[in-house]
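What follows is a short report on a single structure.
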Amino acid sequence: MSDGAMGRRGVPVRLDKVSFSYGEVQLAFDVQFAAAEITAIMGPSGSGKSTLLNLVAGFETPGSGHVLIGGADVSAAPPAARPVSMVFQENNLFAHLCVEQNVGLGRSPSLRLTEADRADIAGALARTGLAGKEKRLPRELSGGERQRVALARVLVRDRPVLLLDEPFASLGPALRDDMLDLVAAVHAERGMTVLFVTHQPEDARRIGRNVVFLDNGTVAASGTADDFFAGAGPEAFRRYIGAGA
Ligand code: ADP
Ligand code: MG
């Protein structure tokens, strides 16, 4: 990992009048995510947070409108061609591959790895606290360790846009804080654009610069985390965090 050397290289992500539907369920997003910042995406269950990330990642395709990453229209590009990487809430890993191989996939889908790749992978494993567990299978890890492997994989993938869909929701508070601090530290070094879906207001506050609040399949409000958490956010957001998310 060429930490530090790359500078702030995140690119803006824009959903330009995007509409999407699952049958009767209609969603519509028109929003820009600032380059090289961490934006927390919050909102009630079913408000469209995962769908928004899936549209950026290319796992879903807009019915109309455009997805722009770094100004380039990627609306029709397959996931592998987009400059993004993603960590899901669970089921991130290949069950038959060991830790080192699961992380290596972030660098090479065929696991043809150079010495430099192997050094980066070892660095990512050390950084996520997985040194010594390289040969374990996912089933031989705790839930928290599995999420660390998923995070190590996106670190070696090293894309300008990082999508996190409640990646640490199943972890206890102390471990969650450790992982958030690690995301914040990597962000400080690499300056990627991070879209961070979370249910936890304290997590959003801990690492988010901006907040985008979704309700009912659309963007209900957006602004800086400072404003949102100082009470300048919309009434619906205050009710949402007041209700303990
Ligand atoms: P969130 O991540 O905020 O909980 P989602 O993006 O998963 O919300 O879902 C947004 C809406 O789309 C919800 O009404 C949900 O029920 C619906 N939805 C999500 N995935 C599917 C699917 N695969 N098929 C049908 N409806 C879906
Ligand atoms: Mg979701």
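The values are calculated or read from the model by the stated rules, or taken from the named source; none is laboratory data. Predicted, not measured: the structure shown is a model, and the values here were computed from it. A quick note on method: Cβ atoms are made from the backbone with ideal geometry, for glycine too, and the neighbour counts reach across all protein chains shown.
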In the stretch 83-107, how many are surrounded by 13 or more Cβ atoms within 10 Å (Cβ to Cβ) and either under 30 Å from LEU68 (Cα atoms) or among the polar types (S, T, N, Q) (or both)?
17
Mind listing whichever residues of the stretch 183-207 are within 16 Å of ligand 1 (Cβ to nearest atom) and surrounded by 18 or more Cβ atoms within 10 Å (Cβ to Cβ)?
LEU195, PHE196, VAL197, THR198, GLN200, PRO201, ASP203, ALA204
Taking the stretch 208-224, which residues are outside any strand (DSSP E or B) and surrounded by 23 or more Cβ atoms within 10 Å (Cβ to Cβ)?
GLY208
The stretch 157-179: number of residues that are on the phi < 0 side of the Ramachandran plot, more than 16 Å from ligand 1 (Cβ to nearest atom) and either assigned to a loop (DSSP other than H, G, I, E, B) or modelled with pLDDT of 95 or more (or both):
6
Lone qualifier among SER45, SER21, SER64 - being of a type in the set (Ser, Thr, Tyr) and more than 15 Å from ligand 1 (Cβ to nearest atom)
SER64
Residues that are surrounded by 17 or more Cβ atoms within 10 Å (Cβ to Cβ), assigned to a strand (DSSP E or B) and in contact with a Lys or Arg (Cβ under 6 Å, 6 or more places away or on another chain), drawn from the stretch 5-53:
ILE38, ILE41
Filter the stretch 95-150 for residues that are more than 19 Å from the chain's Cα centre (by Cα), of a type in the set (Val, Ile, Thr) and under 24 Å from ASP177 (Cα atoms) and give the result.
VAL99, ILE121
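Yes/no per residue for (1) buried (at least 22 other Cβ atoms within 10 Å of the Cβ); (2) outside the structural domain of ARG206 (by the TED database); (3) within 18 Å of GLU90 (Cβ to Cβ):
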site: VAL149; (1), (2), (3): yes, yes, yes
site: GLU166; (1), (2), (3): no, no, yes
site: ALA169; (1), (2), (3): no, no, yes
site: ASP181; (1), (2), (3): no, no, no
